[in-house]
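Some notes on the structure that comes next.
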Amino acid sequence: MLQALMSLIARCWKPFGLGDDANAGRECKDGLLWFRDIGRFAAGDFSMAVVQANQVLEDQSQIESGPFGTFVGVYDGHGGPDCSRYVCDNLFRNLQVISAFREFIFAFKSSCAFQSSQESRTVERCVLVLICVGDLLEPFVCCYCLRSGVCAAAILAESHSVVTSEVIQQAFRRTEEGFTALVSELWSSRPQIATTGTCCLVGVICRQTLFVASLGDSRAVLGRRVGNTGGMAAMQLSTEHNANIEAVRQELKELHPDDPQIVVLRHGVWRVKGIIQVISGNHAACQILVVGILYLVFWLKFPEEGIWLEFWVLMTEPFSLGLKREEQISLYISHSTSELPSRLSAFCLSISRSVSNEVSRSIGDVYMKHAQFNREPINAKFRLPEPMNMPFLSANPTVISHPIQPNDSFLIFASDGLWEHLSNDQAVDIVHSSPRAGSAKRLIKAALQEAARKREMRYSDLYKIDKKVRRHFHDDITVIVLFLNHDLISRGAVLNSPLTVRSALDH
């Protein structure tokens, strides 16, 4: 019975398999860059790209599009890829199930003759509870079908899955609970999975309404036409949960009034409890900064550059974040041309910024949410000295709904690696002033050019640097651009074949 229901749900949204490549365009790779220049989805065209910086790509992303909606997800992982991969595998599925079963409730209620409104509300609450706890809905559905002689699949066939803010929040909650259960299951064999997490940015287009849900600091920006001038304005739709934002720090302090260390300023960066991290500990960053200063002092006294390669490798060996000798040499070469002092300063700054993450909301990071996971055998740098009385991080997303307007032109969904180097206006101008094909790739290139400029190096030199070392110059970056076709949206037109695209699975 449940299998029949899931089959029908899949028809309403889309199958879990791959979509039609004829609709979606061709996937390509160029070094550390993966991209799909142009493709079709139910409400228009899309462009998608991701560039890798970490040794193992931590970003995941997806587009799911079918007759009754389009789903976009960008998952910016930290501490490893486990959590972002889990979310990419499960968040959309959870949204499918919850939205379809909520519709089943209404169809079920309309097909039954309840003796009172109180009885109707009681049944609805019971089914909602069953949805929240998972697959316990199956016996309820089977029992109803057996007693009434009504086919549940037939009921669902007459309804369409409807997305609401509440449905999206429930999908996030169920995904968080699922990952926490996975951490518990793997605790004895892989305890470090408790220190992985991911920011989540989700967009859902359903019945001429756009929903945007966010955890962390990824960002969704709308490009909107201004009058008849041909100009384009940028409108940020997502809310960022980053401790470097005053309002976020205030929220954390209000939630934890008895904890003066709930947000800590270190090296000019605000962090929740000062410990949520991506690559390595703050201690390693401080050591590298000290080595950099020593290197700079000796370079000023003995400027003959030839003797410094071995010195660099020797001095940074204990603090090189696990870099191999050739990787250290690559870093040295990229910072050893003219104007070395300023380049070294920029490099040390990039190291200090790359070892921390300041988000206040995420899926995962269960070591910051549950006391039973903040203990040995996880690394000591993640363990808190004081007892954890309540979660320090939240998995409750901020969800907004935006009625799609005729002057809404396109949407940019991107991880914070893009927004670290480009403003909202810059990104919208780039998309607006260029052909649709390759828009996502073009945004990533612009961000990398800016990252190279900040490090006072050429883009061509940055392009040659391999993954892992590349992380010292920029983060993994994911970009999805949706171009809205208002005729398709208003008519509810659909693709001949539902679409699934997932980037960055094989890096």
(Q) Going by amide H atoms built from the backbone, whose H comes under 5 Å of the H on D45, apart from near neighbours? (A) F483, N485
Q.
For V263, V469, which order do you get if you count the other beta carbons within 10 Å of each Cβ and list the fewest first?
A. V469, V263
Q: List, in order, the whole-Hz ³J(HN,Hα) value for each residue of the range 230-244 obtained from phi through the Karplus relation with A = 6.51, B = -1.76, C = 1.60 and θ = phi - 60°; use x for Gly and Pro.
A: x, x, 9, 10, 9, 10, 6, 9, 8, 9, 9, 10, 10, 5, 7
Q.
Let's test the formula: R0 of 45 Å, r as the Cβ-Cβ distance of Y459 and Q405. What FRET efficiency results, to the nearest 0.05?
A. 0.75
Q.
If neighbour count is taken as other Cβ atoms inside 10 Å, put H472, H256 in order from fewest to most.
A. H256, H472
Q: Please report Rg over Rh for the range 384-456, where both radii come from the alpha carbon positions and Rh follows the Kirkwood definition.
A: 1.16
Q: Any of K253/K381; K29/K381; K445/K467; K253/K369 with alpha carbons more than 25 Å apart? Name them for me.
A: K29/K381
Q | ³J(HN,Hα), Karplus 6.51/-1.76/1.60, whole Hz, each residue of the range 93-101, x for Gly, Pro | A | 4, 5, 5, 4, 5, 5, 5, 5, 6
Q: Sort 366-372, 380-386 for me by packing, meaning the mean count of neighbouring Cβ atoms within 10 Å per residue, highest on top.
A: 366-372, 380-386
(Q) Could you give each residue of the range 410-425 its phi-based ³J(HN,Hα) in whole Hz, using Karplus coefficients 6.51, -1.76, 1.60 with θ = phi - 60°, and x for Gly or Pro? (A) 8, 10, 10, 10, 8, 6, 5, x, 6, 6, 5, 10, 10, 7, 4, 5
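Every read-out reported here was derived from the displayed coordinates using simple, explicitly stated rules and does not represent laboratory data. Predicted model, so just to flag it, every value in this text is computed and none were measured. All Cβ positions, even for glycine, are placed from backbone atoms using ideal geometry, and neighbour counts span all protein chains on display.
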